[in-house]
Amino acid sequence: MNEKQALDAFGALSQDTRLRIVRALVMAGEAGMAAGAISEAVRASSSRTSFHLAHLERSGLISSRREARSILYSANFAGLSGLVDFLMRDCCQGHPAMVAGVNNAAAACCAPDPGA
């Protein structure tokens, strides 16, 4: 990810509804969500949600696919990872303890469910 792409992505995330949409899609995983379900999840009108979905898709943070008569939206995990990588690429300067919080958050997020 280059600086312009990062600025576009951060610009897309700097609006509360769009941030809630991305978070909802991250939680939905690869299955994604239909636009109507996203509207309900973020408590926004369908027209407002459509506007924000288009903005997020242009920024590379989400993607869409057609299934039958529905359009499903999913988090673009490669795009989101690219944004995190852009931020963290030069961070530790030989001192890995500087990113311990990021590593701990990733480990907690991705840990297998012990109850499953």
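We did not get these values from a lab; they are worked out from the coordinates using the rules stated. Source: prediction; values computed, not measured. Reconstructed Cβ throughout: ideal geometry from the backbone, glycine too, with neighbour counts over all protein chains shown.
Exposure proxy ranking for Met1, Met88, based on other Cβ atoms within 10 angstrom of each Cβ and starting from the fewest, stands as Met88, Met1. You can think of it this way: the chain between Leu7 and Arg69 has 19.0 nm of extra reach, that is 0.36 nm per residue less the Cα-Cα gap. For the stretch 11-87, the spread of Cα coordinates along the three principal axes comes to 36, 25, 20 Å, biggest extent given first. By the beta-carbon count within 10 Å of each Cβ, the least crowded to most crowded order of Arg89, Arg69, Arg18, fewest first, is Arg69, Arg89, Arg18.
Normalised by the number of residues in the stretch 1-86, the mean separation of alpha-carbon contacts (under 8 Å, six or more apart) gives a relative contact order of 35 percent.
Shown is the FRET efficiency for Arg89 and Val26, computed with R0 = 25 Å from the Cβ-Cβ distance and rounded to the nearest 0.05: 0.70.
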